[in-house]
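Below: the structure, in C-alpha cells.
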There are 2 protein chains.
Amino acid sequence: MSRPASVTIEHVAAAAGVSRQTVSRVINNGPNVKPAVRIRVMGAIEDLGYVPNLAARRMGGARSFLILAINDRQRTIDNWRVGRGNDWVDQMLHGGMLTCEERGYHLLFELIDTDPAMARAQMGRVLSALSPDGVILTPPHTENLELAQLLQARAIPLGRMGSSHMPDGINAFMSDFDAAGAAVAHLLALKHRRIGFISGSAQYAASLERVRGYEEAIARAGLAQAEGFVQYGDFSFDSGARAAACMLSLPAAPTAIIAGNDEMAFAVLHVAADRGLCVPEALSVISFDDTPGVRFSVPPLTAIRQPISALAATVTEKLIAASTGTPMDGNFVLPFELIRRSSTAVCAA
Amino acid sequence: MSRPASVTIEHVAAAAGVSRQTVSRVINNGPNVKPAVRIRVMGAIEDLGYVPNLAARRMGGARSFLILAINDRQRTIDNWRVGRGNDWVDQMLHGGMLTCEERGYHLLFELIDTDPAMARAQMGRVLSALSPDGVILTPPHTENLELAQLLQARAIPLGRMGSSHMPDGINAFMSDFDAAGAAVAHLLALKHRRIGFISGSAQYAASLERVRGYEEAIARAGLAQAEGFVQYGDFSFDSGARAAACMLSLPAAPTAIIAGNDEMAFAVLHVAADRGLCVPEALSVISFDDTPGVRFSVPPLTAIRQPISALAATVTEKLIAASTGTPMDGNFVLPFELIRRSSTAVCAA
DNA sequence: CAAGAAAATGAGAGCGCTCTCAACGCCCAT
DNA sequence: ATGGGCGTTGAGAGCGCTCTCATTTTCTTG
C-alpha cells in the first residue's frame, strides 16, 4: 500500500533488518541463509508486496527470466491472409506459459522470417535486445542450423518443438515414425489394403519420418508399395486437393488416405465429396495434428494428435533447467494419440 | 563480428568519437543532434551491429518497450482441455506483433485468472516485474474495472479489444450492434421472417449490444419479437445445442438462427442435422467471429468476421503512441465483415 | 576450550542505459 | 565587435539488482 510504483529490494532489506544481498539470496532461493532470517525476509516481502524487477535482475548480470518462442513470420502472415490460424500458437501458449509461470519466467513470442539471411539478422537483433535465457524454435526454424549456431555462440540454451534427429539442443517431439505406423495399423485393422499417404513438404525431417513410418508399416504387413500412393504436398489445402485428386484417379485407387496435416485432410474430404465418394464408407481418412477445427468437419476426422502443449511445456521446462544449471541437451519423445472419430471405417472393397 | 555477446553504447560512442549521450539521442531519435553527427553515429551502429539492450533501457528510467497482452488463464486451460483453441491468440499475434515489431516494441502474453482477487494479485505482480509500457486487455478482463484502476494508479496506458462503452482507456472494437443488425438484414433480404438469436453470456457488454442490434433490426422491419427467439448461452457448444434445441421445438420455430460465436453455430448445425433439418434449405445459420474452422463446417458458415488482427494492431499502435506522447484514450470502431458462405439461403417457408 | 573450517552476512562495484544539468559552441542582433 | 540566446554536446549520477570478495558468526573437532 506504500508507494505502489516501486518497492525495491532496499525497502525489503530495511524492513527485515538485513542487507540487500540477503534479500537477494532469499528471492533467488540461494543457500546460506539462516531459516529464521529467511522467514523474516519472506514476511517483509509479503508485507510490502515486493516483486523483483526483471530488468534490474537482468542488469545485475543474472538471468533475464525470458524464454523466447520463435514462430515463422511468413507463415503467420500467410495463414492470416487465407483466414487460417496458426494452430500451434494457442497450444504453445498453454503449455509454455503455464510452465513459465510456475518458475517466474515469461514467454515471449517473436516472429522471424523464413529467409535465412533475414532470420539471422532478426535473431541477432532479438537476442541482443532481450538477452533471453532460452529460445524455442518451431517449424520451419527448427531446421535452421545457422540459428542454432547463433545461439550457441552466445551460450543461450536452445530448444526445438516437433523436430527430431537434431545434433544439438533440447528437442521435444512425438515419434513421427511411430505415429505414421499407428495410422497405418489402424487402417490395416479395418481391412484396408490400399492405403495412400499425402506427405507434407519433404524439406521437413518430420515429413520424411512419417513417410518412412508409413512405408515400413506397409512393408511389414506384407503389402507391396503401390505406384503413386505416396504424394508430397506442402501442408496447404490446395496441395492436398491436388494430391488426393491424383491418387483417387489411379486405376486401383486407395481405399484409405493418410494426410500429413489437418488442412490437407480437409482437402481429401472435399475431393472425395466432389467425386461422390462417401467418407468413411468408400474412403477412410486420417489426418495428422488434430487441430481444433477437426472435430467439426464432416465427418469428424480420425487423427493423430500431436501433443503440442506438452511439447511446449517440456521444452520450456528443460530450457529453464538448462539456463540455471548445467547445459543439458537431449531428446524428449512425447506420446502421440490416435483419436478415432468418424472418418475411418472397415474397408468396403 | 567483434564480440558478439555485447556491443554496448560505449563501443558505439568510441567508434563514432562522441559521447554515450549523443549515441543515446540518436537511437531514441532525439532532437538536437547535428545531421553529420547523426549519420556518423548511425554508421558506427551499423558497423558494430549494435542493438540497445532492453533491460538497460528500462533501467535507465525510460520505457520498457514491452506491451502486455492479457488473456484469460481459465479459458486458456479449459479450451485446451476440450481440444479447442483460443481463437484470438494467433490473430492477436499477427496484428499486435507486427505492429510492435515496426516500432521496436515486444508483445508479451500473460495469463490472468478470471477471479477478481487472483487477477488483481497476478496483474500487480506482472506489472512490477515487467513494468510494461502498455497493457492490452482481452475478454473477459476487458470488463474488469479494478484492473483498469490498477493500471491507472501506475500510469500505464490501457487498451481493450472487443469491448465497447468503457469509461477509460483505448478501446478497439467492431460495432456489435451494427453487426447483429447486418446479420438480421442479410436474413431479411433472404425473406426470413422468423429469426432466432443465440446470445453469448449476458455478462459481456458485447453480447448485450448484439441482442440490442438484433432486436432493433427486427423491430425496424416491422416484425414482432417472438417469444423464445432470444436465448442466452455461454459461448460453449453444449449451451448452443441447448438453445438451438429449445428454439427449434417452438410451435412456430425460426427459419434462421444467428449464433453469438462459431462454436454455438456449430452446435446449431449439429442439432439441425439431428432433427433432419437441412442447412441452409430448411434453416439458415449465421455465426459471429469467423474463426479458422468455420470454412470447413458443413455447410461452411456464413459469418460476421470480427477483425481481431486489426483490433490488436490498432490497440497496440495507440498504446505505443500513448506511452511515448500524451495519454490519449478513445474508441476505435473497426469494420466487421459479413462473409457469405453456404449456411444461409432464401427462406423456403 | 582453543583453533580451524564452514556457514552466514554484508560492502562495494558494476551491468547498459537514460536522466538532469552544466558547458560549449554558434549565429544573430545590437 | 560583443553579448544574449539557441542548438548541440558531454559529464555525472542513478535505476534495482546480482556479482565477487571480505568479514563476521557459528559449528566442528582435537
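Restricting things to alpha carbons, tell me how big region A:176-306 is in terms of Rg and Dmax, in Å.
That works out to 12.9, 35 Å for Rg and Dmax.
So the label point sits 7 Å from Cα along the Cα-to-Cβ vector; using that for A:PRO116, what distances do you get to the other copies, in nanometres, sorted shortest first?
List, nearest first: 5.7 nm.
Just need log10 I(q)/I(0) for region A:242-285 at q = 0.21, 0.25, 0.26, 0.34 Å⁻¹, Debye formula, equal scatterers on the alpha-carbon atoms, no solvent, rounded to two decimals.
Reported log10 I(q)/I(0), two decimals: -0.58, -0.85, -0.92, -1.51.
Specify the angular offset, from 0 to 90 degrees and rounded to the nearest 10, of the alpha carbon long axis of helix B:176-189 from the longest principal axis of the alpha carbons in chain B.
40 degrees
For the protein assembly as shown, give the share of DSSP beta bridges that are antiparallel, in percent and rounded to the nearest 5; count only bridges with both residues there. Walk me through the numbers before you get to the answer.
Numbers: 7 of 81 bridges.
The antiparallel proportion sits near 10 percent.
How crowded by other chains is A:70-77, given as the mean number of beta carbons from other chains within 10 Å of each beta carbon? Don't skip to the answer; put the middle values down first.
Values: counts 0, 3, 0, 4, 0, 0, 7, 3.
Other-chain Cβ atoms within 10 Å of each residue's Cβ, averaged: 2.
Taking only Cα atoms of chain A, what ratio of Rg to Rh do you get with Rh as the Kirkwood inverse-distance radius? Walk me through the numbers before you get to the answer.
Working: Rg = 25.0 Å, Rh = 22.5 Å.
So for chain A, dividing Rg by the Kirkwood Rh gives 1.11.
Quantify, in whole percent, the carbon and sulfur part of the accessible surface of region A:9-52 (1.4 Å probe; protein heavy atoms only).
Numbers: 1390 of 2650 Å².
That share works out to 53 percent.
Work through the residues other than A:LEU338 whose Cβ is under 12 Å from its Cβ and net out their charges, Lys, Arg +1 and Asp, Glu -1. Mind showing how you got there, number by number?
Working: positive: A:ARG305, A:ARG340, A:ARG341; negative: A:ASP178, A:ASP290, A:GLU337.
Charge balance in the 12 Å sphere: 0.
Antiparallel DSSP bridges in chain A: what percent, to the nearest 5? Before the final figure, lay out the partial values.
Details: 3 of 40 bridges.
Once the DSSP bridges in chain A are tallied, antiparallel ones form about 10 percent.
Quick one: 3J(HN,Hα) in Hz for region B:7-12, Karplus 6.51/-1.76/1.60 with θ = phi - 60°, rounded, Gly and Pro as x.
8, 9, 4, 5, 4, 4
Defining the label point at 7 Å along Cα→Cβ, can you sort the distances from A:GLN203 to the same site in each other copy, shortest first, in nm?
4.6
Compute the accessible area of each residue in region B:101-123 twice, once for its chain alone and once with every protein chain present, using a 1.4 Å probe on heavy atoms, and list those whose area falls by at least 50 Å².
Buried-area filter returns B:GLU101, B:HIS106, B:LEU108, B:PHE109, B:LEU111.
Give the carbon-plus-sulfur fraction of the accessible surface of region A:251-320 in %, rounded to a whole number; probe 1.4 Å, heavy atoms of protein chains only. Mind dumping the intermediate values first?
On the way: 1020 of 1790 Å².
Heavy-atom surface of region A:251-320 belonging to carbon and sulfur, 1.4 Å probe: 57 percent.
Write down the accessible area per residue of region A:176-306 in Å², having rolled a 1.4 Å probe over the full set of protein chains. Let's see the in-between values first.
Details: 4720 Å² over 131 residues.
That works out to 36 Å² per residue.
Could you state, as a whole-number percent, how many of the C-alpha pairs of the protein assembly as shown are farther apart than 46 Å? Mind showing how you got there, number by number?
Numbers: 63392 of 243253 pairs.
Counting every Cα pair in the protein assembly as shown, those more than 46 Å apart make up 26 percent.
How compact is region A:9-52 by the rule of thumb for globular proteins, expressed as Cα Rg over 2.2 N^0.38 Å?
Cα-based Rg divided by the globular estimate yields 0.95.
Please give the average number of partner chain Cβ atoms lying within 10 Å of the Cβ of each residue in A:86-99, rounded to a whole number.
Whole-number average of other-chain Cβ neighbours for A:86-99 is 5.
Along Cα→Cβ at 7 Å, what distances in nm separate the B:MET42 label point from those on the other copies, shortest first?
Distances to the matching label points in the other copies: 5.4 nm.
For region A:83-189, state the semi-axes of the equivalent ellipsoid (square roots of 5 times the eigenvalues of the alpha-carbon gyration tensor), sorted largest first and rounded to whole angstrom. Don't skip to the end; give the middle numbers.
On the way: eigenvalues 153, 61, 41 Å².
Square roots of five times the eigenvalues give 28, 17, 14 Å.
Relative contact order of region A:9-52: what whole-number percent is it, with Cα pairs under 8 angstrom and at least 6 residues apart? The partial results should precede the final answer.
Numbers: 32 pairs, mean separation 18.6, N = 44.
After rounding, I find 42 percent.
The values are calculated or read from the model by the stated rules, or taken from the named source; none is laboratory data. As the structure is a prediction and not an experimental result, all values here were calculated from the model. So basically every Cβ, Gly included, is an ideal-geometry build from the backbone, and we count neighbours across all protein chains shown. Ligands, DNA and RNA are stripped out before the accessible areas are found, and what is left, the full protein with its side chains, is counted by its heavy atoms. Shrake-Rupley method; radii C 1.70, N 1.55, O 1.52, S 1.80 Å.
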